[in-house]
Amino acid sequence: MIHELLRHASGFAVDVLRLSIWLVLLVAIFVPLERLCAVHPAKIWRKQVGVDLAWYFINSLVPAAVLSVPLALLSRALNGLNPGGIYSTVGAWPIAVKLPLMLVVNDIGAYWGHRASHAFPLLWRFHAIHHSAEQLDWLVNTRAHPFDMVFTRLSGLAPVYLLGLAHPTGATLDPAVALMTIFATIWTFFIHANIRVRLGPAEWLISSPAFHHWHHTNDEHRDRNFAFVFPIIDKIFGTAWLPKYWPTVYGIDAKTSPTLGGQFFDPLEPGRRPSTSPKQNSTPIEEPVLVQKENPGEV
């Protein structure tokens, strides 16, 4: 019993150390960039930065542990299945072929899970924590309720496994899934960053801070840009919005607790009314907009 506890404690300590090293690297990359080419001037030690740092560690540990259960059940259900030889054929593909397909399938699944989080009040109750930030920077990526993180990630991973792009083994994580997860995690830090970067025509091929910032805006354009990596998914399903200028206001209308405990427990209260969900767009996607001058100094 004691040996088992020591083993878990040592494993937990290693995970925290690993996350601390990653945090140092992320700070070294994003803090200078946000100081040199910020979309909106902001302090490094802004309000709730301590809360967001706590979320960084919580959401790097808890969702992965929770997801291991449904993924293990899914793996067991798929074990031995090979309809029409599809799974064995796809499983034999090289990782260079599977990985791009996994990224696309995962992003499509996550798109619909993310969109559902805006459409259904119960899901929005949890997702609103992420949208409560009134200033965007790279660390806001981790401000999210664990339930919300698990739901969105499972929405993306489930179709990856169901299509046979990942090996359904419960013992170890598929290497392609690991690579996809690392890339997606780093990219979501990037698209939340307070960095004035425009990618030109490539913005419709891969997401950018400009694309994702509009998802966090607190105006009539807030229910758009649900994809995390490929904006073309929003284009196909009619939810894309990417003008030449940047949003000026972020956050949500409802008040959110400024404390870690409040953000975690408030959505769990029985009978609690969900926070005000985002306003539905009252204008079509292609509605002409007033041309605003682009801010100088864009990269």
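The values are calculated or read from the model by the stated rules, or taken from the named source; none is laboratory data. Remember, predicted model here, so these are calculated numbers, not experimental data. Every residue, glycine as well, gets a Cβ built from its backbone with ideal geometry; the counts of neighbours run over all protein chains shown. All accessible areas refer to the heavy atoms of the entire protein, side chains included, with ligands and DNA or RNA removed. Shrake-Rupley method; radii C 1.70, N 1.55, O 1.52, S 1.80 Å.
Tell me, please, whether a residue that is among the hydrophobic types (A, V, I, L, M, F, W, C), outside any loop (DSSP other than H, G, I, E, B) and in contact with a helix residue (DSSP H, G or I) (Cβ under 9 Å, 6 or more places away or on another chain) can be found in segment 77-84. First the steps, then the outcome.
Our first condition is that a residue be among the hydrophobic types (A, V, I, L, M, F, W, C); within segment 77-84, this holds for 77-78, 81.
Then keep just the ones that are outside any loop (DSSP other than H, G, I, E, B); that gives 77-78.
Narrowing the set further to residues that are in contact with a helix residue (DSSP H, G or I) (Cβ under 9 Å, 6 or more places away or on another chain) leaves 78.
Within segment 77-84, one or more residues are among the hydrophobic types (A, V, I, L, M, F, W, C), outside any loop (DSSP other than H, G, I, E, B) and in contact with a helix residue (DSSP H, G or I) (Cβ under 9 Å, 6 or more places away or on another chain).
Of the residues in segment 255-267, how many are touching a residue at least 24 places away in the same chain (Cβ under 8 Å) and open to solvent by 30 Å² or more (accessible area, probe 1.4 Å)? Selection size over segment 255-267: 5.
Counting only residues that are farther than 13 Å from Ala158 by Cα and surrounded by 12 or more Cβ atoms within 10 Å (Cβ to Cβ), how many does segment 56-75 have? Quick ask: steps written out before the conclusion?
Step one: of segment 56-75, the residues farther than 13 Å from Ala158 by Cα are 56-66.
Still in the running and surrounded by 12 or more Cβ atoms within 10 Å (Cβ to Cβ): 56-64, 66.
Number of matching residues: 10.
Report yes if some residue within segment 172-193 is within 22 Å of Ala38 (Cα to Cα), assigned to a loop (DSSP other than H, G, I, E, B) and either hydrophobic (A, V, I, L, M, F, W, C) or in contact with a helix residue (DSSP H, G or I) (Cβ under 8 Å, 6 or more places away or on another chain) (or both); otherwise report no.
Here is the first cut: in segment 172-193, the residues within 22 Å of Ala38 (Cα to Cα) are 185-193.
Next, only the ones that are assigned to a loop (DSSP other than H, G, I, E, B) stay: 193.
Next, only the ones that are either hydrophobic (A, V, I, L, M, F, W, C) or in contact with a helix residue (DSSP H, G or I) (Cβ under 8 Å, 6 or more places away or on another chain) (or both) stay: 193.
Checked against the condition, which is being within 22 Å of Ala38 (Cα to Cα), assigned to a loop (DSSP other than H, G, I, E, B) and either hydrophobic (A, V, I, L, M, F, W, C) or in contact with a helix residue (DSSP H, G or I) (Cβ under 8 Å, 6 or more places away or on another chain) (or both), segment 172-193 yields at least one hit.
Can you tell me which residue is modelled with the lowest pLDDT among those in segment 209-254 that are of a type in the set (Val, Ile, Thr) and touching an Asp or Glu at 6+ places or on another chain (Cβ under 8 Å)? That would be Val249.
Regarding segment 57-70, can at least one residue be identified that is of a type in the set (Phe, Trp, Tyr) and in contact (Cβ under 8 Å) with a residue 60 or more places away in the chain? Spell out the reasoning first.
Our first condition is that a residue be of a type in the set (Phe, Trp, Tyr); within segment 57-70, this holds for 57.
Filter once more, keeping what is in contact (Cβ under 8 Å) with a residue 60 or more places away in the chain: none.
No, there is no match, as no residue in segment 57-70 is of a type in the set (Phe, Trp, Tyr) and in contact (Cβ under 8 Å) with a residue 60 or more places away in the chain.
Considering only segment 31-60, state which residues are of a type outside the set (Val, Ile, Thr), assigned to a helix (DSSP H, G or I) and over 17 Å from Gly261 (Cα atoms). Hits for segment 31-60 are Pro32, Leu33, Glu34, Arg35, Leu36, Ser60. Name the residues in segment 218-254 that are more than 20 Å from His40 (Cβ to Cβ), of a type in the set (A, V, I, L, M, F, W, C) and open to solvent by 30 Å² or more (accessible area, probe 1.4 Å), would you? Of everything in segment 218-254, those that are more than 20 Å from His40 (Cβ to Cβ), of a type in the set (A, V, I, L, M, F, W, C) and open to solvent by 30 Å² or more (accessible area, probe 1.4 Å) turn out to be Phe228, Phe230, Ile232, Ile236, Phe237.
Filter segment 195-217 down to the residues that are touching a residue at least 60 places away in the same chain (Cβ under 8 Å) and open to solvent by 10 Å² or more (accessible area, probe 1.4 Å) and list them by number.
Going residue by residue through segment 195-217, those that are touching a residue at least 60 places away in the same chain (Cβ under 8 Å) are 195-198, 209, 213, 216.
Within segment 195-217, Arg196, Val197, Arg198 meet the criteria.
Figure legend. Inter-residue proximity from segment 121-142: first residues closer than 18 Å to Trp246 by Cα, second residues open to solvent by 30 Å² or more (accessible area, probe 1.4 Å) and of a type in the set (A, V, I, L, M, F, W, C), beta-carbon distance below 6 Å, spacing 6+ or different chains. Indicated pairs: Gln135/Ala42. Set side by side, the residues Ile129, Ile44 differ, and just one is closer than 30 Å to Arg198 by Cβ, open to solvent by less than 40 Å² (accessible area, probe 1.4 Å) and of a type in the set (A, V, I, L, M), which is Ile129. Only residues that are closer than 22 Å to Ser20 by Cα and of a type in the set (Ser, Thr, Tyr) were counted across segment 49-102, and they come to 2.
Taken together, the residues in segment 202-230 that are in a helix (DSSP H, G or I) and out of contact with any strand residue (DSSP E or B) (no Cβ under 8 Å at 6 or more places or on another chain) amount to 9.
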